[in-house]
Each structure stands twice: as structure tokens, then as C-alpha cells.
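The structure appears right after this line, and notes come after that.
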Amino acid sequence: MKYSLTDGTLHELRTPCLVASLKTAKSVARALGHSDIFSRSTADFKDQAEQILVINLPGAVSRLLIVGGAEAAMSADAYRKMANAAANALLKLPVKQAVMALAGSRAQGKNTEWKLRTLTHAMSYAAYRYGKHKSKAPAAPDLNTLRLHVANKKDAANAMKFGNALDAGLALSRDLGNEPPNVCNPTYVLREARKLGRHPNVKVTSLNEKQMADANMGAFLAVSKGSDTPGHLIVIQYNGGKRGEAPVALVGKGITFDTGGISLKPPPAMDEMKFDMCGAAAVLGATKAAIEAGLKLNLVTVVAAAENMPSGGATRPGDIVTSSSGKTIEILNTDAEGRLVLCDALTHVQKFKPSTIIDVATLTGACIVALGSHASAVYANDESLAKALLKAGDESGDKAWQMPLWDEYQSALKSNFADMANVGGRDAGSVTAACFLSRFVEETQWAHMDVAGSAFMGGPRKGATGRPVPLLFTYLWEQANG
Ligand code: BES
Ligand code: MN
Ligand code: ZN
């Protein structure tokens with residue numbers, strides 16, 4: 001979807017569809033001399049929230065898509081629901097272009113920029129289709145260009161930059177997540193990452209398994225050694241900021257399929273473990289959005305891409321490995337593989353001397369037990385970073401919730417034979433996983449996001465959500481512009 005602005009007089013527009021409140025639609029119909037059609041067609045319309053009515057008119061504005069409740073003062077959440085309802089209805093129409101005039105509706109405490117971001121985000125989310133592997137691809141929506149009507153274009157240009165960049169980042173992230181695991185293996189992830197390197201300010205490099213062995217990344221390699229498809233540690237450097245300024249670092253778990261390894265997972269829903277690279281997909285999507293928007297900051301994104309398979313060469317429960325930090329790990333459960341690839345990725349990213357590190361991972365089933373799918377979990381060694389991420393979640397509607405990273409939980413990782421075990425007990429599984437990662441970050445301010453519940457959906461709407469790309473991109477935007 002392409003987004004742009006318009007500030008013309010509404011009834012002088014030429015458009016196959018105008019999306020507006022009942023009151024605005026009425027005045028446009030009147031100005032066009034169609035009051036009769038309008039009052040007859042809207043006779044039964046109650047103008048309630050999330051109610052939609054489409055009227056066809058003869059002339060320059062050939063459809064009015066009327067959005068219920070759009071004149072009322074709304075909470076931010078209600079505005080978001082309205083945006084989603086309007087987006088879904090608009091995408092069902094056989095129109096290639098449309099004008100949306102909902103930025104004038106009132107959302108408590110929110111300005112025009114926020115409303116435009118919310119409208120474009122809703123459209124991008126709703127317009128996404130993934131039909132690549134169907135012999136008859138599902139009909140994509142006809143709409144490809146949306147103009148957003150505003151009183152003054154000047155204050156709104158930034159929101160369009162945001163909306164167009166987020167659109168691209170979300171789609172990349174969801175495509176990567178949805179791709180089947182026989183296609184999207186570590187090499188595929190590397191190829192996709194390299195595409196970002198076409199931009200002049202972007203450099204993509206990677207370590208293969210030999211280079212990782214030379215760097216003593218025994219934890220990462222313990223995961224990928226059971227697979228015939230070799231792992232890659234991918235590094236994307238985007239230089240949009242001042243020379244020499246410390247970069248923000250993003251790190252993503254990219255397990256392209258998680259069988260559990262020798263600690264094999266049970267069959268039900270194992271196919272969903274193709275989504276175990278959604279952390280990687282999210283940091284790649286956020287990086288793409290940052291590049292598209294030309295954010296004025298330096299960014300280093302590290303993706304740990306590997307496959308967790310059982311084989312004659314796979315890691316056994318009880319194996320002890322040495323990570324590149326020098327710390328030894330007793331692998332008690334080969335299904336706790338995300339933290340193993342991430343600990344070496346975290347050690348590696350610190351070579352770039354980042355100001356901040358944020359890692360994103362579908363790390364634990366326990367996170368889903370704790371928070372379900374509505375919130376991503378945030379852990380941080382720094383309160384201001386946690387607050388900034390939660391705020392970005394609130395702003396973008398891509399919500400997150402802070403979890404404790406207290407010392408009390410660290411003792412769960414005790415091992416009789418190595419510096420630590422790779423699993424704690426049954427209790428607080430998402431917290432002890434975060435505790436494990438915390439041991440591999442030295443001084444840098446760092447946050448970990450467990451997105452096991454938010455990054456994809458199971459059941460009849462099975463698919464990647466692209467979360468937390470909106471949160472991450474909002475955070476990066478704020479760092480660059482705030
Ligand atoms: N990728 C899984 C976590 C997961 C499960 C994500 C379900 C999304 C949906 C992770 O690698 C894993 O298997 N974690 C184990 C950890 C346990 C062995 C300590 C888990 O959650 O059971
Ligand atoms: Mn696992
Ligand atoms: Zn996993």
C-alpha cells in the first residue's frame with residue numbers, strides 16, 4: 001500500500017471512494033447534490049462504533065464509505081478499532097484508490113500524526129496477503145493507493161514517511177515468518193538480509209560455521225550441528241546517523257525450524273515452529289523500515305539463523321559447551337536452543353559498542369502461559385529502556401508488558417557441572433530464560449523481548465503478525481527524532 005496526503009475540499013475530490021464520518025459524508029453528498037440518495041441510504045444507519053455503510057453515488061465521488069461513531073470523542077483504543085473496521089471494509093471494495101478523511105476524528109490525547117500513523121498501520125495490517133504457495137492465489141485487495149485527508153499537509157508529511165516505511169517492514173517480517181521451513185532455512189534468511197545491503201548506507205556481512213568455530217561460539221554451534229543446513233550469524237549495519245555515534249543494536253532469534261532437537265517436541269502444532277524465526281523476522285522488518293524512512297541513527301542488527309534438528313550429530317542432553325564469552329553451559333534440554341544461539345549473538349554484537357541492545361525472540365512457551373498473545377514480554381537491565389519500549393508499544397498499539405528480571409530467579413540456572421544450565425525448573429520459564437541471556441550482556445543497557453505469544457497466531461488464522469515491528473520501529477523513530 002502507498003500512502004500520501006491530500007488537503008483539498010472534500011466534495012471537489014475525484015475518487016472512487018471517500019471514507020468519512022456520517023456528518024462529513026452527509027455534507028459531501030449535499031455539496032454534490034445527492035442529499036436525496038444520502039438520506040434514503042442512511043435511513044437505517046445507527047452511526048455506532050465499528051458500524052460501516054457503503055453508498056454508491058453518481059459522479060466524482062462514486063462511493064461513500066461511512067464509518068460509524070467517527071464523530072464521537074474516542075479513547076486511543078477505540079480510535080484504533082475504528083481504523084481497523086474502516087480498513088477491513090475499504091479493502092473489500094473493488095477500488096484501486098481511495099481517500100480517507102478520518103484524521104479529524106477525536107482520539108483522547110492524540111494528535112494528527114498519531115492518528116495518521118494509526119490509520120496507515122491498520123491499513124497495512126489488513127491489506128497483507130500471503131498466497132505464494134497456493135496454486136490459485138487468494139484475491140489480493142484491489143486497493144493500492146490511499147490518500148489521507150488532512151487540514152494541513154505540512155504537519156503530516158512525517159506520518160506518511162512513517163506509514164510507508166512501516167508498511168514495507170511489516171510485510172517483510174510477515175513474509176519471512178509465513179514462508180515454509182523447507183524454503184526459509186538459514187541460507188534463505190541470509191539471502192533476504194543481503195537484499196537490505198543494496199542500499200548505499202547498509203553493509204551486510206555474516207559468519208559461517210567455520211568462522212563461528214574460530215570465534216569459539218560453542219553455544220550457537222551446539223544448536224546448528226544437528227542440522228544438514230548450516231547456520232549463519234548475520235550482521236547488518238545501517239549508517240544513517242553521525243559517524244562514530246554508537247549504534248542501537250537489534251538481535252533476533254532466527255531458528256527456521258525448532259524440532260526441539262534430541263529433546264524432541266511432541267507432534268501437535270509442531271509445524272508452528274517454522275515461526276521460531278519471527279524474532280529475526282521482526283528485527284529485519286524494523287531494520288528495513290528504518291532504512292526506508294532514512295532514520296538518522298546508526299543501527300546494527302544481528303540475526304542468529306539456525307535450524308534445531310535431531311540427528312546422529314546433534315547435541316545430547318548433558319553435553320557441556322563453551323560459549324564465545326568463555327562461560328560454559330550444560331545443555332540439559334536441547335529444546336531450550338534459542339538462548340544458546342542468542343548468547344553468542346549477544347557477545348558478538350557487543351563488539352560494535354552499541355548504546356543499547358534489544359533482542360527479540362520466540363523464546364518460551366511459558367511466555368504464552370503468562371501473557372497470552374496480546375502483549376510481548378519485556379525484560380530489561382535498565383528501567384529507562386524498559387519504559388521507552390513499553391511507551392513505543394502503547395503508541396503503536398503493539399503492546400508490551402514488563403516482567404521481572406530479579407536476581408532471585410538466577411539461581412534456577414545452577415548446574416553441578418558447568419557455569420550454568422540452559423534451563424531453569426518448571427516455574428517462571430520466560431523469566432529464567434531472560435536471566436540466562438542477562439549473563440551475556442556486560443555493561444550495555446539491554447532489553448529482551450519474548451514474543452512467543454505475539455509474533456504469530458495459531459488456529460484458523462494461523463500466520464505471522466509482524467509483531468513487534470511496529471513497537472521497534474516506533475522506538476527507533478523516537479530515538480532518531482525524539
Ligand atoms: N521456540 C520454543 C518456544 C515456543 C513455544 C515459541 C511455543 C512459540 C510457541 C523454544 O525454543 C522452546 O522450545 N522453549 C522451551 C523451553 C524449555 C525447554 C525450558 C519451552 O518453552 O518449552
Ligand atoms: Mn525449542
Ligand atoms: Zn525455539
Given 20 °C, 1.002 mPa s and a Kirkwood radius over Cα pairs, the Stokes-Einstein diffusion coefficient of segment 113-182 in µm²/s is 156 µm²/s
Trypsin sites (Lys or Arg not before Pro) within segment 176-211: which are DSSP loop residues with at most 15 other Cβ atoms inside 10 Å? 198
Pairwise FRET efficiency - residue 369 versus residue 411, Cβ, R0 = 25 Å, nearest 0.05: 0.70
In whole Å, what are the Cα extents of segment 347-482 along the three principal axes, biggest one first? 45, 41, 24
With every protein chain kept in place and a 1.4 Å probe, the chain has an accessible area per residue in Å² of 42 Å²
Rounding to the nearest 10 and keeping the result within 0 to 90°, find how far the Cα-based axis of helix 383-396 lies from the longest principal axis of the chain. 40 degrees
For residue 54 and residue 40, calculate 0.36 nm times their separation in residues minus their Cα-Cα distance, and state this gained length in nm to one decimal. 3.8 nm
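How big is the Cα convex hull of segment 250-358 in projection, averaged over all directions, in nm²?
Details: hull surface 31.3 nm².
Convex hull of Cα atoms, orientation-averaged projection: 7.8 nm².
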Ignoring everything except DSSP H segments at least 4 long, calculate the 222 nm mean residue ellipticity for the chain; use -39,500 (n - 2.57) per segment, divide by total residues, nearest 500. -10500 deg cm²/dmol
Trypsin sites (Lys or Arg not before Pro) within segment 222-293, DSSP loop, no more than 11 other Cβ atoms inside 10 Å: 242, 243
FRET efficiency (residue 208, residue 311; Cβ distance; R0 22 Å; to 0.05) is 0.70
Can you work out ³J(HN,Hα) from phi for every residue in segment 122-129, in order, using Karplus 6.51 cos²θ - 1.76 cosθ + 1.60 and θ = phi - 60°, giving whole Hz and x for Gly and Pro? 4, 5, 4, 5, 6, 7, 5, 10
With no solvent and one equal point scatterer placed on each C-alpha of segment 168-481, evaluate the Debye formula and give log10 I(q)/I(0) for q = 0.07, 0.11, 0.12, 0.16 Å⁻¹, two decimals. -0.22, -0.57, -0.69, -1.34
Quick one: of 242/296; 132/462; 2/153; 153/391, which pairs are farther than 18 Å apart, Cα to Cα? 153/391
How large is the accessible surface of residue 91 in square angstrom, using a 1.4 angstrom probe and rounding to the nearest 10? 20 Å²
Residue 182 versus residue 457: modelled label distance in nm, points set 7 Å from Cα along the beta carbon direction: 2.7 nm
Nearest-ten-degree value, helix 22-31 long axis tilted from longest Cα axis of the chain: 40 degrees
Karplus-derived 3J(HN,Hα) from phi for segment 352-368 (6.51 cos²θ - 1.76 cosθ + 1.60, θ = phi - 60°), whole Hz, x at Gly and Pro, runs 8, 6, x, 6, 8, 10, 10, 9, 10, 8, 7, 8, 9, x, 4, 5, 5
The rounded separation in angstrom of the Cα centers of segment 1-74 and segment 393-429 is 51 Å
What angle, in degrees between 0 and 90 and rounded to the nearest 10, separates the Cα long axis of helix 469-481 from the longest principal axis of the Cα atoms of the chain? 80 degrees
Prolate/oblate/rounded call for segment 2-151, Cα gyration tensor, a/c under 1.5 rounded: oblate
Indicate the gyration tensor shape class of segment 306-414 (rounded, prolate or oblate), computed on the Cα atoms with a ≥ b ≥ c the square roots of the eigenvalues: a/c under 1.5 is rounded; otherwise a/b larger than b/c is prolate and the rest oblate. prolate
Using θ = phi - 60° and the Karplus curve 6.51 cos²θ - 1.76 cosθ + 1.60, what whole-Hz ³J(HN,Hα) does each residue of segment 279-296 get, with Gly and Pro shown as x? x, 4, 4, 5, 5, 5, x, 5, 5, 4, 4, 4, 5, 4, 7, x, 4, 8
Of the trypsin sites (Lys or Arg not before Pro) in segment 399-432, which ones lie in a loop per DSSP and count no more than 15 other C-beta atoms within 10 Å? 414, 426
Name the residues whose placed amide hydrogens come within less than 5 Å of the amide hydrogen of residue 335, ignoring near sequence neighbours (fewer than 5 apart) on the same chain. 263
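The values are calculated or read from the model by the stated rules, or taken from the named source; none is laboratory data. Just so you know, these numbers come straight off a predicted model, no measurement behind them. Every residue, glycine as well, gets a Cβ built from its backbone with ideal geometry; the counts of neighbours run over all protein chains shown. These accessible areas exclude ligands, DNA and RNA; they are computed on the full protein's heavy atoms, side chains included. Shrake-Rupley method; radii C 1.70, N 1.55, O 1.52, S 1.80 Å.
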